Each structure stands twice: as C-alpha cells, then as structure tokens.
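Participant: Here's a structure for you.
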Amino acid sequence: MLTLLFNRFPALSRQRLSGGLILLSMAVVAADLLGLPVERTWAGAGYWAAAALLWPGLARRNRIQALLLLAVGGLCLAWSVRQGAAVELGRIVSSNSGLLSMLVAVSFLGLVSRPAGESEERLPRGRRAVASTLGAVHLFGSVINLSSVFIIGDRLARQGNLSREQSIVLIRGFTAAAFWSPFFAAMAVALSVAPGAHLASLWLVSMPLALLGLGLTFWQLCRQQGEEAAPVGDFTGYPLHPGGVWLPALLAAAVLLLHQLWPALSILAVITLLAPALSLLVLFGARRSPLAALGRLVNGRLPQMGNELALFLAAGVLGYGLETLIVTWGGTLPLQGFGALEASLTYLATVLLSLLGIHPIICIALAGSVLAPLSPDHTLLALVFLSSWAVGTATGPLSGINLAFQGRYGVDSFRIMRWNLGYLGLMSVLVVLAIWLLAALLDYQAASGGA
C-alpha cells in the first residue's frame, strides 16, 4: 500500500502534501484548545499520514527506532486486550498530537527570528569570542532550535572546517537551552508527561543550571590542555548583539503572562497558540507577506519534521501501551514515592541510556508510564526530564544534534562524545544537587501551603 502511494506521488509532491497536512493538523489542535467543536483525532490522523508520506526520506536509524517502538507498544496493547482491557483507537491515533502541534507552532518562530548569518562583520577571537558564541547559539537556539546551530556553524565554517573548540561551544551552548526554553522539544516532551509542572518554580533551578553549563564550558575551554586542545586565543567565534536578546526574553515573558491570565491552558497549549500568533503579527508589522511565509514553511521546514513525526508518534504508542500494560498487570514498583533520591536515579539512568544511543524521548515515555502510579510531583519530574535531555543529547553519540553535526561538518559523533564526557560528569553532579534543592523547595512550599 505504501509502495503504491510512493509511486503515485513523486518526492516533491509528497513533501508539499505532508507539509500541508502537518499545518492543518496543528490548526485542528489549536482550534480544539480554543474550545471550538473539532475532533482531535483528525489531527492525529493528519500527522500519521504525513509521517507515512515522509517515511522514505527518514534516516535509517530513526526508521528502525520507530518500528521498534511501534512493535513494543503494539505488543503491550495486544497483551492488555487479551487480558480484557479496553483500548481506545482514538487515543492511539492522536498520541502525542499535542506535543507535535507545539513543535509545529515553534517552527513559525524561524520566520521572524534569525541571526545575521550573512553579515560581513569581523568575527571576534579569543575568550570574548567563546563567550559571545555560547550566548548567541544558546539564545537563538532557545527560540529557533537546531537551525541556529547551522546558521552560526556555517558562518564559522567559512574560515575552514569547524575546530574541536567550535564544535564543543555550538553543541553545548545549544543543548543547554533544553534546561529552560519553553520552545524546545525537551520542554514539549516533559510537559506532555508532566503537565502539572509549575514553570516558575522549575525555572528557579533550571535557568541557573543552563548558566552553569555555559560557564563550565567557558572555564573548561579557557583552561584546557592536551594534544587536541588549541589555545583559547586562537578561537574564532560569532558576535552576540544586544538586539539578539529581546525575542527570547519577550517570548518567555509572554508565555508566563498568558499562563497566568489563562490558567486553564497548560504551558504546552499556551506555546501552541502563542508562537504562530506572535510570528504572524511580527510579519504583518514588518509588512512581509504572511502567505508567502506560510508557503516557505509548508514547503521547507515542515516536511523536514519527518524524523520527529515518526519518533514521537511511535513513542506515543509505546507510552500508551506501557500505561495500559501496567494497569492491566496490576504490578507495583518497589518504591513508596518519588522524592529526590528516586529523581536522581531516574536522571542518571536516562543519561546512561543516552550514551548507549537511546533517544531521551524513549526514556521519558518509559519513565512517565512506570512512575505514574507513584503520583510524582510534576515539577520535580519535569526537571529530571529536561536535565537528562540537556546533558544526554550533548554527549550521546547517536543523539540528533550530534548526528546532524557529523553529517553537516564531518565531525565524528563518537569524538564529540569523548570531548563531552567530562562535561557530563560535572554537570550531572550539579543536576543531582539541583534535584535535591528543588525537592526541598517543593516540600517547603507544600508545608507552607498546608500550614
């Protein structure tokens, strides 16, 4: 059936059709969030159809992972049905449709926010260049995600191949945004599993963790020694201007403000509605054609989401399958609750699995289903997921950022892993300390509220 579909539609037509389906599916979810009488199952069906259209162009590794997730999830559902459990088809079809809609909504920001990659401005050098490059890729990455790495990396690569130090700065500066950015895939995944997380409390520890990650990278590069190490004075970086700070700050403030004014909507829902609306307003204000921008989005960025579609849809099936299996099985975990110790162990296990090539979303789906019976605090759970994503993807040799970096700049992903192992160890110590700090803060808030 798929072969007939692929033969009937050439690759370019499939990409355009998939882009349109993705945009329409996001619009259905946005309409549902606004209270309009629409069925979210249609959005899920649109995402599945787009994933099928884009399947031939997916990376082989992602196809294998998606098939394995679907197989395991399907087996869990089949076993549960045999035991008499009721399985909702609509739940399977619409799995992770809210999460995917948030990712699609965030892609709108790429229409209005891009670092000036074509500027002929002289590139800075030395310690100042390390700091400005870390800041630039972190701030722009927090809004427009992976494209910021390539825009800045392509500018630096004009001077030749990217150096070890430039690679470290771009990868760590980008992945550190996963600690806090509401427009990062990590936040979408974390909030889909822990929708009750309190963002303001979470940011009290996750934002300092991001700053510590950037500061640790700067300190390590300035003090590095060894055969592969280059003097920091030779580092050529990317300039960061004050104008590059306003959009990330504005968006983060707008998310918190809208969530306070509209508390019935989750953070995930607020971002899904805010990002496209704000992007279109900026386009109108700049007197740029919104229709032309949407055309570029449908024909460009959205068809490039095939890997995310396949992985997140399959992970949704796995999560539902595990959830149904646990309920049907009636098994219990050898845990009495989910406190700082359990959160620390979950983080360390997730990071270890990322070193073995397992994507964080798989670990998050598994952990979310297994830990659900414990009724964990969603804010603490979200910190665990965000931290494991931020640190694990920077180090894991098969993470999306490291494989994309290898494909674009020829830097071996296993060398990247080796370069970042020290960073992983030190950041893990800081993350565990942050977990215990947040757990104590949440306990204090609970005690104060109950007093």
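Participant: Averaging the inverse of every distinct alpha carbon separation and then flipping it gives the Kirkwood radius. What is it for region 2-450, in angstrom units?
Facilitator: Kirkwood hydrodynamic radius for region 2-450: 22.6 Å.
Participant: From largest to smallest, what semi-axes in whole angstrom does region 309-451 give when each is the square root of 5 times an eigenvalue of its alpha carbon gyration tensor?
Facilitator: Equivalent ellipsoid of region 309-451: 29, 21, 11 Å, largest first.
Participant: Return the sequence-ordered ³J(HN,Hα) values of region 167-181 in whole Hz as given by the Karplus equation 6.51 cos²θ - 1.76 cosθ + 1.60 applied to θ = phi - 60°, using x for Gly and Pro.
Facilitator: The phi angles translate into 4, 4, 4, 5, 6, 5, x, 6, 5, 5, 5, 5, 4, 9, 5 Hz.
Participant: Related question: Starting from 0.36 nm per residue, how many nanometres of slack lie between residue 414 and residue 36 once their C-alpha separation is accounted for?
Facilitator: Length difference between fully extended and current span is 131.2 nm.
Participant: Grab the DSSP H runs of the chain that are 4 residues or longer, score each as -39,500 (n - 2.57), total them, divide by all residues and round the 222 nm result to the nearest 500 deg cm²/dmol.
Facilitator: After summing the helix terms and dividing by residue count, I get -23500 deg cm²/dmol.
Participant: Something else: What nm value, rounded to one decimal, do you get for the distance between residue 426 and residue 122 when each label is placed 7 Å out toward the C-beta?
Facilitator: 3.1
Participant: For region 391-451, just run the numbers: alpha carbon Rg, then divide by 2.2 N^0.38 Å, N being how many residues it has.
Facilitator: Compactness ratio reported: 1.70.
Participant: Another question, if that's okay. Report, to one decimal in Å, the Kirkwood hydrodynamic radius for region 149-215 based on all distinct Cα pairs.
Facilitator: Averaging 1/r across every pair of different Cα atoms and inverting gives 13.5 Å.
Participant: Using Cβ counts within 10 Å as a stand-in for footprinting exposure, how do 63, 418, 82 rank, fewest first?
Facilitator: Sorted ascending by nearby Cβ count, the order is 82, 418, 63.
Participant: What distance in nm separates the two pseudo spin-label positions at residue 299 and residue 157, each 7 Å out from Cα along the beta-carbon direction?
Facilitator: Computed distance between label sites residue 299 and residue 157 equals 2.4 nm.
Participant: Note down the nm distance, to one decimal, between modelled labels 7 Å out along Cα→Cβ at residue 204 and at residue 13.
Facilitator: 5.8
Participant: Roughly how big is region 2-450's charge dipole about its Cα centre, with Cβ charges of +1 (Lys, Arg) and -1 (Asp, Glu), in debye to the nearest 20?
Facilitator: Around 1140 debye, computed over region 2-450.
All of the numbers you see were taken from the coordinates with simple rules; none came from a lab. Model, not experiment: these values are computed from the prediction. Quick reminder, even Gly has a Cβ in these numbers, built from the backbone with ideal geometry, and neighbours come from all protein chains shown.
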